[in-house]
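One structure is given below, encoded as structure tokens.
The values are calculated or read from the model by the stated rules, or taken from the named source; none is laboratory data. As the structure is a prediction and not an experimental result, all values here were calculated from the model. So basically every Cβ, Gly included, is an ideal-geometry build from the backbone, and we count neighbours across all protein chains shown.
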Amino acid sequence: MNVFLTGASSGLGEALARHYASAGATLGLVARRGGVLTALAATLQPACCAVYAADVRDAGALKNAADDFLARFGLPDIVISNAGISVGTVTEHAGDNANFRAVFETNVLGMLHTFQPFVSELKAARQGVLVGIASVAGFRGLPGAEAYSASKAAVISYLESLRVELLASRVSVVTICPGYIATPMTAKNPYAMPFLLSADRAAKLVARAVDRRRRFYVLPWQMACIGRVLRILPRPLYDRMFERAPRKPRAGV
């Protein structure tokens, strides 16, 4: 089994790398921090790992990584777009504009850059799974997380479009919407995180959903129930409930 994975140096990405390495997969691991990624790959031996130090915002870098992986190992069975960033953002602060841009370019365009180099090959082979890590935060707009919520809502719609587009080719598209996972990113949240999952447990649930070609999967199950309720809440009620919700700090604040 061949697995190509972005955002592999920590958190859920690292846990997914360890999970698939333990299953004997050949891995293509992508992250910005090349040294951390190389150190991780060393712990995954004897699994075969190709390491690519690249920022998913750089389409050319992702294309080069994908081309190298294809040349060395052939088609991936699974491509997982996991790289993502989150930071508190508020529209009234012009100083947050750069963070808005970084969140959208990483979370949305980064997914496009991850999948794009593989799509034609997978379609021709009529096989493979494209996995996008979205978030429950994409179900409704969360105050103070305008960029993150909007980016994950965009990811959910993008993946649905891609899934239907590729349906006839037998290339599966799986949308994963986690709740809270214990990672360096969520460690900065100054509020309670219900149903918090360890990264290892989340990785196992994600891998199971991928194996089953789930079109849309929310984890854990408790968050799936909450997500269903959130999606149908009338807007006036939602507004009252979340107006005073705790907020992720803005960068540098």
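Taking segment 164-186 as the range and being closer than 22 Å to LEU16 by Cα, in contact (Cβ under 8 Å) with a residue 24 or more places away in the chain and out of contact with any Phe, Trp or Tyr (no Cβ under 8 Å at 6 or more places or on another chain) as the test, the residues that pass are VAL171, SER172, VAL173, PRO178, ILE181, THR183, PRO184, MET185.
Quick one: which of GLU105, GLU160, GLU121 is surrounded by fewer than 19 Cβ atoms within 10 Å (Cβ to Cβ), among the charged types (D, E, K, R), touching a Leu at 6+ places or on another chain (Cβ under 8 Å) and assigned to a helix (DSSP H, G or I)? Just a single option satisfies the conditions, and that option is GLU121. Considering only residues in segment 138-157 that are crowded, with 20+ Cβ neighbours inside 10 Å and without any contact (Cβ under 8 Å) to a residue 40 or more places away in the chain, the one that is farthest from PRO249 (Cα to Cα) turns out to be GLY138.
Let's see how each residue does on (1) within 18 Å of ILE133 (Cα to Cα); (2) of a type in the set (A, V, I, L, M, F, W, C); (3) touching a residue at least 12 places away in the same chain (Cβ under 8 Å); (4) surrounded by fewer than 21 Cβ atoms within 10 Å (Cβ to Cβ):
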{"residue": "VAL3", "(1), (2), (3), (4)": "yes, yes, yes, no"}
{"residue": "GLY7", "(1), (2), (3), (4)": "yes, no, yes, no"}
{"residue": "LEU16", "(1), (2), (3), (4)": "yes, yes, yes, no"}
{"residue": "HIS19", "(1), (2), (3), (4)": "yes, no, yes, yes"}
{"residue": "ARG33", "(1), (2), (3), (4)": "no, no, yes, yes"}
{"residue": "LEU40", "(1), (2), (3), (4)": "no, yes, yes, no"}
{"residue": "GLN45", "(1), (2), (3), (4)": "no, no, no, yes"}
{"residue": "ALA50", "(1), (2), (3), (4)": "no, yes, yes, yes"}
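What are the residues in segment 187-225 that are free of Cβ contacts under 8 Å to residues at least 12 places away in the same chain, closer than 25 Å to ALA245 by Cα and not small (Gly, Ala, Ser), if any? Residues satisfying the conditions are TRP221, CYS225. Can you find a residue in segment 14-21 that is assigned to a helix (DSSP H, G or I), under 18 Å from ARG72 (Cα atoms), modelled with pLDDT of 95 or more and touching a strand residue (DSSP E or B) at 6+ places or on another chain (Cβ under 7 Å)? Yes, some residue in segment 14-21 is assigned to a helix (DSSP H, G or I), under 18 Å from ARG72 (Cα atoms), modelled with pLDDT of 95 or more and touching a strand residue (DSSP E or B) at 6+ places or on another chain (Cβ under 7 Å). The residue that is nearest to ALA203 (Cα to Cα), counting only those in segment 21-31 that are surrounded by fewer than 18 Cβ atoms within 10 Å (Cβ to Cβ) and of a type outside the set (A, V, I, L, M, F, W, C), is SER22.
Could you tell me how many of the residues in segment 36-77 are part of a helix (DSSP H, G or I) and of a type outside the set (D, E, K, R)?
Here the count works out to 19.
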